[in-house]
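The values are calculated or read from the model by the stated rules, or taken from the named source; none is laboratory data. The structure displayed is predicted, hence computed values, not measured ones. No Cβ is skipped: glycine too gets one built from the backbone with ideal geometry, and neighbour counts run over all protein chains shown. Accessible surface is based on the protein model in full, side chains and every heavy atom, while ligands, DNA and RNA are left aside. Shrake-Rupley method; radii C 1.70, N 1.55, O 1.52, S 1.80 Å.
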Amino acid sequence: MRTDFVRALERAANLEELSRDELAVLISADEEESAALFDCADMMRSRFMGDEVHLRGIIEFSNICSSNCYYCGLRKGNTALKRYRMSKAEILESARKAAVLGCRTIVLQSGEDRSYPAGLLAEIVAEIKSELDVAITLSVGERPREDYALWREAGADRYLLKHETCDGKLFSELRPGTVLEERLQRLAWLRELGYQVGSGNMVGLPGQTVETLAGDIVLMREMEVEMAGIGPFVPNRQTPLGSCPGGTLELTLKTLAAARLALPRTHLPATTATATIDALGRVKALRCGANVIMPNMTPLKYRASYSIYPGKTGLEDTPEESYAKAVRMVESAGRKVGTGYGHSLRHLEKKAEAQAQAV
Ligand code: SAH
Ligand code: SF4
C-alpha cells in the first residue's frame, strides 16, 4: 500500500481532519487499499451510527420538470416522456401505505416543477404530519426561499438538494442557466429555516476527476450536511450525456467510504442508482459506510415514468415488495432496521439541549 494512503487512513481513523489531497489519495485506492478503506469506513459507521439502517420511503409524486439538466431523463427537453403529477389523495394514500409498512420517514420527491403550487405541497405536508407518525423530507429542487419557509412551517423536517458537483464550471455546463453559488445559497437558506439538510453528488460525471470528488466531500464537510447522497452517474440515452460512460461501482464505493471517514456522523444512503449498476450494490454500500435505504413507495403505474436514468431497479416491485427487499438487504448485511425517525445526530442533540434548558 502507498505510504501516503496508509498515513491518510490512520489519520482518518484517529478522527483527524483530512485535507482534500488526502481524500483524493483515499478515493484513488487500488484493490488492496480499497479493502482497508472499506473496513475502516465500516468501523466508523458502526462506531458513530450503530447497526441501525433507516428506511425512508420515497414517493416520486411528479415527473414534470422545468429544468434541463444534461444528465437527467426528466429534463424538460425529453419530449418522449409521459408526464404525471399524483393527486393529493394519491400522495396521502401512498404515505399511509409507507407508514403502515414501517417507514418512519416519507420522502416526497419530484422534478423541479415550478408551476406546482407551493400551497398545495404545504397542505400535503401538514396532512401527512397530522395523520401519520413520520418525519418528512422534501426533494423538489430549486424554489424561492418563501416556498421553503412555507413548507417548513407546514411541518417538513428535512430537505434534500444535492449540489451534484463542486466544480462550478462543470455545474453550469451540466445544469444550463444555473450556478453552483445559488444552489449553495439555497442550502444555506434551508439550514437557516431549521431544516435538516441533505446534499450529495454524482460519481463519474464527464469531466470530473478524483480531486473533484474529494472536493465534493470537503464541501459537504464545510456545509455540515446531515445527509449526503452519493451515487453513480448512470447515462440516459434520452439526454445529451447518453453516450458518456457512467460511474463505476468501485469509484462510487470508494467515494462513499471516504465520505464516511470525513463525515462520521452524517447519514449516508445506499442509493438506488448504486443498485442500478450492480444487483448487490446497496448491500455493498451498507458495508462501506452507508446507513440508509430508500424503498420506493411510488404507485406502480407511475414508476416507469420517473425515469431519471435507465434500468432503475425495482420498477416492478409494489411498495410492499420494495420495503421487504430493503429489509432483506439490511439483514443480509448483518444489520437491523432502524426503529426511530432517523433524525440527524445534531438535531437530536439540539432537542435534548432544549429539553434540558426547559427543565
Ligand atoms: N428535481 C430535484 C429532485 C429530483 S432529481 C433535483 O434536481 O434536486 C434527484 C437526483 O437524481 C438529482 O439530485 C441527481 O443527483 C440524480 N440524477 C439525475 N440524473 C441522474 C443520472 N443520470 N444518474 C444518476 N443520478 C441522477
Ligand atoms: Fe429536473 Fe432534478 Fe432531473 Fe434536473 S435533476 S432535470 S431538476 S428532475
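Between ARG328 and ALA188, what FRET efficiency comes out of the Förster formula 1/(1 + (r/R0)^6) with R0 = 56 Å and r the beta carbon distance, rounded to 0.05?
Efficiency, rounded to the nearest 0.05: 0.90.
Rounded, prolate or oblate for the range 1-42? Axes are the square roots of the Cα gyration tensor eigenvalues, ordered a ≥ b ≥ c, and the cut-off for rounded is a/c under 1.5.
Judged from the Cα gyration tensor, the range 1-42 comes out oblate (a/c at least 1.5, b/c at or above a/b).
What does the accessible area of LYS88 come to, in Å² to the nearest 10, when a probe of 1.4 Å is used?
We get 60 Å² for LYS88.
Which whole-number percentage describes the relative contact order of the range 1-105, with Cα contacts under 8 Å and a sequence gap of 6 or more?
21
Once the whole set of protein chains is in place, how much accessible area is left on CYS69, using a 1.4 Å probe, in Å² to the nearest 10?
For CYS69, solvent-accessible area is about 20 Å².
Determine the per residue accessible area of the chain with all protein chains present and a 1.4 angstrom probe, expressed in square angstrom.
41
How big is D for the range 231-345, in µm² s⁻¹ as a whole number, if Stokes-Einstein is applied with the Kirkwood radius of its Cα pairs at 25 °C and 0.890 mPa s?
163
In whole percent, how big is the carbon plus sulfur part of the accessible area of the chain, probe 1.4 Å, protein atoms only?
Result for the chain: 53 percent of the exposed heavy-atom area is carbon or sulfur.
Rounded, prolate or oblate: which fits the range 73-130 when a ≥ b ≥ c are the square roots of the eigenvalues of the alpha-carbon gyration tensor, with rounded for a/c under 1.5 and prolate only if a/b beats b/c?
Cα axes put the range 73-130 in the prolate bin.
For GLU320, GLU60, what's the largest-to-smallest order of accessible area, 1.4 Å probe?
These residues rank, largest area first, as GLU320, GLU60.
Let me have the relative contact order for the range 223-312, percent, based on Cα pairs under 8 Å that are six or more residues apart.
In percent, rounded to a whole number, it is 32.
Evaluate the distance, in nm, between pseudo-label points positioned 7 Å from the Cα of LEU15 and of GLU181 along their respective Cα→Cβ axes.
3.7
How high is the FRET efficiency from ARG265 to ASP39, r the C-beta distance, R0 25 Å, rounded to 0.05?
The computed FRET efficiency comes out at 0.85.
How much length would be gained if the chain were fully extended between ALA89 and ARG237, taking 0.36 nm per residue of separation minus their Cα-Cα distance, in nm to one decimal?
Taking ALA89 through ARG237 to full extension adds about 49.9 nm, to one decimal.
Nearest 5 is fine: what % of DSSP beta bridges in the chain come out antiparallel, could you say?
Around 5 percent antiparallel, to the nearest 5.
Just the projected area, averaged over all directions, of the convex hull on the alpha carbon atoms of the range 285-355: how many nm²?
One quarter of the hull surface, i.e. the mean projection, equals 6.8 nm².
Quick check: from the Cα gyration tensor, does the chain come out rounded (a/c under 1.5), prolate or oblate?
In terms of gyration-tensor shape, rounded.
Using Cα-only point scatterers and the Debye equation, what is log10 of I(q)/I(0) for the range 6-75 at each q in 0.13, 0.18, 0.19, 0.24 Å⁻¹, rounded to two decimals?
Once normalised to I(0) and log-transformed, intensities are -0.65, -0.79, -0.81, -1.00.
Relative contact order for the chain using alpha-carbon pairs under 8 Å, separation at least 6, rounded to a whole percent?
Computed over the chain, the figure is 23 percent.
Report the gain in length on full extension from SER115 to GLU52: 0.36 nm times residue separation, minus Cα-Cα distance, nm rounded to one decimal.
Here the answer is 18.8 nm.
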